[in-house]
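Here's the structure, in structure tokens; my notes come after.
Laboratory data are not the source of any read-out in this text; all were calculated from the coordinates shown. Bear in mind that the values here come from a model prediction, so they are computed numbers and not experimental data. Please note: Cβ atoms are built from the backbone with ideal geometry, for glycine as well, and neighbour counts cover all protein chains shown.
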Amino acid sequence: MSSMWGNKVKISLFGESHGVGIGVVIDGLPSGIDIDMQLVTEMMERRAPGRYSGSTSRKEPDIPKVMSGLYRGKTTGTPLCAVIENTDTRSSDYEKTAMKPRPGHADLTGMARYGGANDPRGGGHFSARIMAGFTFAGAVCRQILEKKGVKIFSHIYSISNIEDEPYNPVEMPSDVSRKSFPVLDEAKGLQMQECIIEASRQLDSVGGIVECMATGFPAGLGRPIFGNIESRLASILYAIPAVKGVEFGSGFEVARSRGSINNDHPHFFDNGIRLRSNHAGGVEGGISNGMPVLFRCAFKPTPSIAQAQDTVNLDAMKNDTIEIRGRHDACVVPRALPIVEAAAAICLLDVFEEG
Ligand SMILES: Cc1cc2nc3c(=O)[nH]c(=O)nc-3n(C[C@H](O)[C@H](O)[C@H](O)COP(=O)(O)O)c2cc1C
């Protein structure tokens with residue numbers, strides 16, 4: 001499986017949802033950097049289920065056990081490995097439907113790729129639980145970036161067709177990460193939560209968009225063509241389960257714009273050259289331009305829903321239906337925020353370290 005990512009700072013994810021545990025090895029970190037494990041745990045708790053109504057009832061403390069790479073609270077520079085035990089697995093939920101691939105999930109493609117040898121319980125290595133190790137890596141990378149002046153923010157931009165206020169593309173946003181439902185506009189947040197609960201009542205699910213911004217990322221990093229910051233970020237963001245779209249800056253809106261409006265015009269301000277606007281999302285020619293790096297990721301509705309859906313029965317080799325009774329989020333977006341931030345942190349630190 002290709003579960004490795006990075007050029008200078010490389011991460012390798014391992015584990016299965018219902019196996020003994022999951023985790024990450026991070027290679028290439030700078031040495032001697034203080035890592036506050038309390039901040040790491042706080043970021044991982046934001047990914048864990050159960051913070052808002054409509055979230056899965058799977059409850060796992062997600063306590064990372066650091067096996068190597070940290071000594072007296074500082075990075076050693078050698079591989080940093082963290083393992084998270086799986087403690088709340090209920091494989092019987094899945095065994096009943098093992099031969100009926102879940103629509104929208106990776107059961108059928110996993111079977112096609114691995115010939116049935118992969119662990120199917122809870123989605124195995126395809127499960128979003130693998131993102132706990134990813135979030136750990138992101139929390140570490142984020143702290144290293146913060147020491148360089150880079151800060152990463154995210155909020156729920158939309159759920160279904162209900163939209164939060166967008167970030168101002170040229171300003172550092174407010175930090176809503178400590179809210180149980182991280183939005184800028186509380187009233188919209190309540191509507192979004194009601195929308196998720198209503199979908200769940202109807203045995204259905206909804207999707208949404210996460211908006212993320214990194215401020216303080218210096219101009220002149222990244223490379224054209226394949227080392228392009230947009231390509232690098234897109235490649236790691238699409239590794240997050242259920243991501244189906246990524247856009248930078250004004251994104252797809254640029255197609256409706258005009259050059260005179262869409263161009264970000266350079267200007268001398270007191271502290272040097274900055275751009276007056278940020279339609280590009282902080283990246284031009286694949287290289288950072290010193291403006292906030294701004295992007296959005298679209299998440300599809302959770303594939304596992306409790307209402308009857310058409311599928312195939314691989315025991316009987318006939319068409320069948322499936323009702324998925326496991327524990328699932330009616331919307332994955334609220335739990336995805338720290339994962340998206342982690343992706344940004346891992347990628348931007350890698351780009352930073354490449355110089
Ligand atoms: C935070 C998070 C939680 C998720 N929880 C579930 C879940 O409870 N049930 C489910 O079917 N899919 C869930 N997913 C989505 C699946 O993992 C994903 O759709 C599946 O692995 C197939 O991958 P793909 O959608 O990227 O093609 C979740 C995704 C994320 C990011």
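Miscellaneous remarks
- Projected label points at MET4 and GLU165, each 7 Å from Cα along the beta carbon direction, are separated by 4.5 nanometres.
- For the residue pairs LYS8/LYS147; LYS8/LYS151; LYS8/LYS244, alpha carbon separations beyond 22 Å are given by LYS8/LYS244.
- Karplus (6.51, -1.76, 1.60) ³J(HN,Hα), θ = phi - 60°, over the stretch 261-276, in Hz, Gly and Pro reported as x: 9, 6, 5, 8, 8, x, 8, 7, 9, 4, 9, x, 7, 9, 9, 6
- Label-to-label distance, ILE225 versus ARG178, with points set 7 angstrom from Cα along the beta-carbon direction: 4.8 nm.
- Under 5 Å, built H, 5+ apart or other chain: amide partners of VAL312: ASP320
- Under the Karplus curve 6.51 cos²θ - 1.76 cosθ + 1.60, θ = phi - 60°, whole-Hz ³J(HN,Hα) for the stretch 177-187, x wherever Gly or Pro sits: 4, 7, 6, 5, 10, x, 10, 7, 9, 4, 5
- Multiplying the residue separation of GLU323 and SER277 by 0.36 nm and subtracting their alpha-carbon distance yields 11.7 nm.
- Length added when fully stretched, ARG201-ALA187, from 0.36 nm per residue minus Cα-Cα: 2.9 nm
- Spatial separation of Cα centroids for the stretch 153-223 and the stretch 3-21, in angstrom: 26
- Per-residue extension of 0.36 nm, minus the Cα-Cα distance of TYR71 and SER235, leaves a gain of 55.9 nm for this segment.
- Most to least packed among 218-224, 283-289, 313-319, 267-273 [average Cβ atoms within 10 Å]: 283-289, 218-224, 313-319, 267-273
- Label point distance in nm, GLU194-THR87, each placed 7 Å from Cα along Cα→Cβ: 3.7
- Each eigenvalue of the Cα gyration tensor of the stretch 4-354, multiplied by 5 and square-rooted, gives one semi-axis; in descending order these are 34, 25, 19 Å.
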